[in-house]
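Student: Once you've had a glance at the structure underneath, I'll fire off some questions.
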Amino acid sequence: MLEDFPRWRRHSPMSDPGGGAALYDLLPNDEAALCRAVQGLIVHADWASAYGLPETHFGPDARTTLPLERRLAEIVRADKRPLTAPRPVPARTPGTCRDYALMLCSVLRHRRIPARVRCGFATYFDAPWEDHWLCEFWQARDGRWRRMDAQLDEVQQRLLGVDFDISDVPAEKFITAGEAWRRCRAGADDTHFGHGETKGLWFVRVNVMRDHYSLNRSELSAWDGWRQAGEPHRSVCDADRRATDALAWQPDAAKVEIAPPWLG
């Protein structure tokens, strides 16, 4: 299958830096250095205590994924130095794994490099396969999609025992939601895939949908509201399985509008 590179060179509404695009001009081209620059701007809201901050330091909205134009405006409003200047941890903009990935994606798309935000599962957190987002870009010289995880700064690398290049995440350390779904359908234990205590095939399906929407330049979707799902919604019927099978094999297919069951 031929890659649709123009699709992933164009900004989505979430990745578009808008009036803040010029802020990217001084950021490094080297992938590892770019990850470090992003780490100096964002701190994961759920990791506050690892940096010596109270868990409530960032407030209730800290996990809200922001469009890049708004995030850049907040960064500059708090500190007018170039983005290459690391902010003190308490002054960094709070976010989650998706925010690191989205900023990397935004910078790369600004440079006309095909890039996209992927939703899947990583092995380097507490669960065997933990819900996670990262950024991947097309590395032309190798003819492959290369994955970067800027969330993993020195603090997290030390605490998690990360021993790989975060600017080139190995295939065995992160799999997309579609890959996870295919493994579960082939007999893998679906309770190994989840977010904290929330696990199972229904959650893998949530991430298949989120990855599908992200590949269609919609990094946010109604499927992000999975915490609203009650027990009746935490199962997968045969029709859902068939539809999810198709998207797991071709997540970059044209967007299929499927409403989450808890909104039905």
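Student: Checking the structure you have, find out if any residue of the stretch 161-177 is in contact (Cβ under 8 Å) with a residue 24 or more places away in the chain, in contact with a strand residue (DSSP E or B) (Cβ under 6 Å, 6 or more places away or on another chain) and in a helix (DSSP H, G or I).
Tutor: yes
Student: Assuming Ser49 fulfils every condition listed in (1) among the hydroxyl-bearing types (Ser, Thr, Tyr); (2) buried (at least 16 other Cβ atoms within 10 Å of the Cβ); (3) more than 17 Å from the chain's Cα centre (by Cα) apart from one, which condition is it?
Tutor: Going through (1) among the hydroxyl-bearing types (Ser, Thr, Tyr); (2) buried (at least 16 other Cβ atoms within 10 Å of the Cβ); (3) more than 17 Å from the chain's Cα centre (by Cα) one by one, Ser49 breaks only (2).
Student: Here's a follow-up. Tell me, which residue of the stretch 86-109 that is within 14 Å of Ala62 (Cβ to Cβ) and of a type in the set (A, V, I, L, M) is surrounded by the most Cβ atoms within 10 Å (Cβ to Cβ)?
Tutor: Among residues in the stretch 86-109 that are within 14 Å of Ala62 (Cβ to Cβ) and of a type in the set (A, V, I, L, M), the one surrounded by the most Cβ atoms within 10 Å (Cβ to Cβ) is Val89.
Student: Select, from Thr93, Thr56, the only residue that is farther than 21 Å from Tyr213 by Cα and free of Cβ contacts under 8 Å to residues at least 24 places away in the same chain.
Tutor: Of Thr93, Thr56, the one residue that is farther than 21 Å from Tyr213 by Cα and free of Cβ contacts under 8 Å to residues at least 24 places away in the same chain is Thr56.
Student: Counting just the residues of the stretch 119-128 that are over 19 Å from Trp47 (Cβ atoms) and crowded, with 24+ Cβ neighbours inside 10 Å, which one comes out nearest to the chain's Cα centre (by Cα)?
Tutor: Cys119
Student: Run Ile113 past the list (1) under 16 Å from the mean Cα position of the chain (by Cα); (2) closer than 30 Å to Ala22 by Cβ; (3) in contact (Cβ under 8 Å) with a residue 24 or more places away in the chain and report the number of the one that doesn't hold.
Tutor: That leaves (1) as the condition not met.
Student: Taking the options Ala229, Ala127, name whichever one is in contact with a helix residue (DSSP H, G or I) (Cβ under 8 Å, 6 or more places away or on another chain), at pLDDT below 95 and more than 29 Å from Ala33 (Cβ to Cβ).
Tutor: Ala127
Student: Looking at the structure I just gave you, is Trp181 surrounded by 19 or more Cβ atoms within 10 Å (Cβ to Cβ), assigned to a helix (DSSP H, G or I) and not β-branched (Val, Ile, Thr)?
Tutor: yes
Student: Looking at the stretch 217-239, is at least one residue free of Cβ contacts under 8 Å to residues at least 12 places away in the same chain, out of contact with any Leu (no Cβ under 8 Å at 6 or more places or on another chain), part of a helix (DSSP H, G or I) and hydrophobic (A, V, I, L, M, F, W, C)?
Tutor: yes
Student: Of all the residues that make up the stretch 52-81, how many are touching a Ser or Thr at 6+ places or on another chain (Cβ under 8 Å), at pLDDT 90 or above and more than 18 Å from Ser12 (Cβ to Cβ)?
Tutor: 3
Student: Hey, does the stretch 148-160 have a residue that's small (Gly, Ala, Ser) and surrounded by fewer than 17 Cβ atoms within 10 Å (Cβ to Cβ)?
Tutor: The answer is no, given that none of the residues of the stretch 148-160 is small (Gly, Ala, Ser) and surrounded by fewer than 17 Cβ atoms within 10 Å (Cβ to Cβ).
The values are calculated or read from the model by the stated rules, or taken from the named source; none is laboratory data. Please read these numbers as outputs of a predicted model, since none were measured by experiment. Cβ atoms come from the backbone with ideal geometry, glycine included; neighbour counts cover every protein chain shown.
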